[in-house]
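A short worksheet on the structure shown next.
The values are calculated or read from the model by the stated rules, or taken from the named source; none is laboratory data. Keep in mind it's a predicted model, so treat the numbers as computed, not measured. When we count neighbours, we look across all protein chains shown, and the Cβ atoms used for this are built from the backbone with ideal geometry, even at glycine. Heads up: the accessible areas ignore ligands, DNA and RNA and are worked out on the full protein's heavy atoms, side chains in. Shrake-Rupley method; radii C 1.70, N 1.55, O 1.52, S 1.80 Å.
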Amino acid sequence: MFFDPPVGLSLLIGPITSSDFWWTFDLMLRIVFASLLVGFRTKESSIIFGLLLLFGFTYVYSYGKINHNIFPVIFPIIMAFTNWGGALSIDSIMNRTTKIEPRGWPLTFFSFLLGWGYFTAGLPKLIGGWLDLSYSTTAGFMLRRYYSGADPLYLNEMFVKINNLFIYKVLDYGTLLFELGFIITIFWSALFLRAIGMAAMFHLGVLLTVNIPFSLHVLVFLPYIVYFYFDNTNQLSENFQLFFSRNKKIFLPIFFILAFVIITDYYPKLFQFHQHFILFLICIPSVFMVSPKFVRDFFNKMTRRLEKNLTK
């Protein structure tokens with residue numbers, strides 16, 4: 001009775017209540033993801049994985065709850081056309097005579113989509129009353145999350161106790177400025193990369209204060225973070241590939257064990273990660289993206305030392 005699908009495949013196909021079907025679907029999803037992770041038929045695996053995610057989330061959203069995770073869903077499909085998987089992958093070992101050249105236009109297109117996504121998130125806030133000086137919508141979100149019954153995490157309880165409209169309006173206006181202005185930064189690469197760093201910190205702030213995680217969303221920032229730190233050079237990729245080739249007898253068994261663990265869903269308590277772990281991990285390098293130049297120069301020296309150690 002709760003099945004009320006949006007326009008899409010779930011509307012055409014109708015409800016699928018077979019547990020065997022969804023068990024098989026989950027198994028297929030794990031197999032394709034493992035194939036993508038180890039870089040086997042990377043382009044095909046990326047496209048199939050993204051399409052499976054779209055199909056699965058279409059049915060998840062057909063029962064009412066909608067999350068903001070479209071970007072990590074379409075991310076592997078777009079990245080498939082960048083020719084990722086040309087270095088540290090099974091494909092790179094199988095196709096030694098064929099050098100897979102990376103392409104940048106898919107990331108350019110994805111950058112526009114990110115900008116448009118943030119803009120369409122900020123526009124309803126702009127016309128929905130976030131500029132009103134008599135109240136704060138950010139405070140409303142914090143209070144709702146705090147009194148929703150879930151345990152308050154991180155700084156949520158502390159911010160709920162702050163009874164200062166000025167502070168909350170700074171957060172309201174800061175959110176509007178970031179989301180509406182993000183799309184403008186896509187025309188200047190240096191500014192856009194720093195906007196990516198700010199975006200990661202923004203989502204960390206949302207998690208800490210409002211208890212709303214975007215852990216999957218920040219995964220799509222990783223290519224830009226790599227681009228920022230390694231100046232878009234192929235030298236590091238070639239060094240990693242050389243290191244990988246020299247030690248493939250070690251890495252290949254690790255890859256296959258990892259794939260087996262993912263497919264069989266074997267995750268002992270010892271190896272379980274907190275659901276917010278990824279967000280915190282990605283925000284560490286993001287801090288340096290918005291830091292002063294002397295801080296970045298120091299970090300670049302450290303990465304060059306790492307590069308030299310890999311080439312030895």
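Brief remarks follow.
- Whichever residue in the range 121-138 is small (G, A, S) and over 26 Å from the mean Cα position of the chain (by Cα) and, among such residues, is surrounded by the most Cβ atoms within 10 Å (Cβ to Cβ): S136
- Condition met for F202 (crowded, with 19+ Cβ neighbours inside 10 Å and either within 25 Å of M142 (Cα to Cα) or at pLDDT 90 or above (or both)): yes
- Some residue of the range 250-272 being at pLDDT 80 or above, open to solvent by less than 90 Å² (accessible area, probe 1.4 Å) and in a loop (DSSP other than H, G, I, E, B): no
- Screening I47 with (1) in contact (Cβ under 8 Å) with a residue 24 or more places away in the chain; (2) over 30 Å from D4 (Cβ atoms) gives one miss only, at (2).
- Test: residue in the range 31-50 that is outside any helix (DSSP H, G or I), open to solvent by less than 30 Å² (accessible area, probe 1.4 Å), touching an Asp or Glu at 6+ places or on another chain (Cβ under 8 Å) and closer than 23 Å to L252 by Cβ: yes
- Matching helices (runs of 4 or more DSSP H) fully within the range 55-134 where at least 3 residues are under 30 Å from G181 (Cα atoms) and touching a residue at least 24 places away in the same chain (Cβ under 8 Å): 70-79, 105-127
- Among the residues of the range 1-28, the one identified as crowded, with 17+ Cβ neighbours inside 10 Å and in a helix (DSSP H, G or I) is S10.
- Scanning the range 176-199 for residues that are β-branched (V, I, T) and either buried (at least 19 other Cβ atoms within 10 Å of the Cβ) or on the phi > 0 side of the Ramachandran plot (or both) gives I183, T185, I196.
- Test: residue in the range 152-162 that is part of a helix (DSSP H, G or I), at pLDDT below 90, touching a Pro at 6+ places or on another chain (Cβ under 7 Å) and open to solvent by 40 Å² or more (accessible area, probe 1.4 Å): no
- Filtered by the rule that a residue be on the phi < 0 side of the Ramachandran plot, in a loop (DSSP other than H, G, I, E, B) and at pLDDT below 90, the range 136-151 gives Y147, S148, A150, D151.
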